[in-house]
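> The structure that follows is given in the form of structure tokens.
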Amino acid sequence: GKETINDKLVALGLVVLNRKDERNLAKDVDKIYSECITFDSIQVKEEYRGYGIHSFFLKETDKIADICNAKYILATVSPKNNFSKNNFLNNNYKVNKTMSKYNNLERDVMEKEVK
């Protein structure tokens, strides 16, 4: 999805749906691909941060999970990105594990059980 203000793109979120692909994190946490969707990426222009756009996208992802009959929503976040990690934690995600991903970057794999 995308968020615009006065026809200006200020944020973009990407969700990967039920497909067997490296971007679907199911394999990394021993889940079944068809039971998972992945909140893959979010970009918010710096001047629009702090307005709840990230949390808005997390809530929209809950709706997508429901439509797809997903059991889990997965995501990754840098353990050092407290703002983003706290948004996940405040939206009922938990840290499943910490691992190297995406060119050896340390990532917390976040998981939310939705069914």
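The values are calculated or read from the model by the stated rules, or taken from the named source; none is laboratory data. These numbers were taken from a predicted model, which means no experiment stands behind them. With ideal geometry, Cβ positions are generated from the backbone for all residues, glycine too; neighbour counts draw on all protein chains shown. Note: accessible area is taken over every heavy atom of the protein model, side chains too, but ligands, DNA and RNA are not part of it. Shrake-Rupley method; radii C 1.70, N 1.55, O 1.52, S 1.80 Å.
> Given Cα pairs under 8 Å that are at least 6 residues apart, what percent is the relative contact order of the chain?
Relative contact order of the chain: 22 percent.
> Here's another thing I want to ask about it. Using a Gaussian network for the chain with springs between C-alpha atoms less than 10 Å apart, which of these wobbles most: Asp40, Asp66, Asp30?
Of Asp40, Asp66, Asp30, the most mobile in the Gaussian network model is Asp30.
> With a sphere of radius 15 Å drawn around the Cβ of Ile32, what net charge do the other residues whose Cβ falls strictly inside it have (Lys, Arg +1; Asp, Glu -1)?
Numbers: positive: Arg19, Lys20, Lys27, Lys31, Lys71, Lys115; negative: Asp21, Asp28, Asp30, Glu35, Glu111, Glu113.
Residues near Ile32 contribute 0 overall.
> Rounded to the nearest 500, what is the 222 nm mean residue ellipticity of the chain from helices alone, with -39500 (n - 2.57) per DSSP H run of 4+ residues and division by all residues? It would help to have the intermediate numbers written out before the result.
Values: 2 runs with 24 residues, N = 115.
Helix-only estimate at 222 nm: -6500 deg cm²/dmol.
> A further question follows. Heavy-atom accessible area per residue, the chain, 1.4 Å probe: how many Å²?
Ligands and nucleic acids excluded, the result is 61 Å² per residue.
> Taking all protein chains as present, what is the carbon and sulfur share of the accessible area of the range 30-84, in % to the nearest whole number, probe 1.4 Å? Let's see the in-between values first.
Details: 1550 of 3120 Å².
Here carbon and sulfur together make up 50 percent of the probe-accessible area.
> Scaled to the compact-protein estimate 2.2 N^0.38 Å, what is the alpha-carbon radius of gyration of the range 19-115, rounded to two decimal places?
Values: Rg = 12.9 Å, N = 97, 2.2 N^0.38 = 12.5 Å.
In units of the globular-protein estimate, the range 19-115 measures up at 1.03.
> So, one more: Ile32 accessible area, nearest 10 Å², 1.4 Å probe?
Number for this one is 100 Å².
> To the nearest 10 degrees, how steeply does helix 53-67 sit against the main Cα axis of the chain, on a 0 to 90 scale?
The helix 53-67 is inclined about 40 degrees to the chain.
> Probe radius 1.4 Å, ligands and nucleic acids left out: which of Arg107, Arg23, Arg49 has the largest accessible area, and how do the rest follow?
Result, largest first: Arg49, Arg23, Arg107.
> Next up: Let me spell out the model: positive unit charges on the Cβ of Lys and Arg, negative unit charges on the Cβ of Asp and Glu, origin at the Cα centre of the chain. What dipole size does that give, in debye rounded to 20?
It works out to roughly 140 debye.
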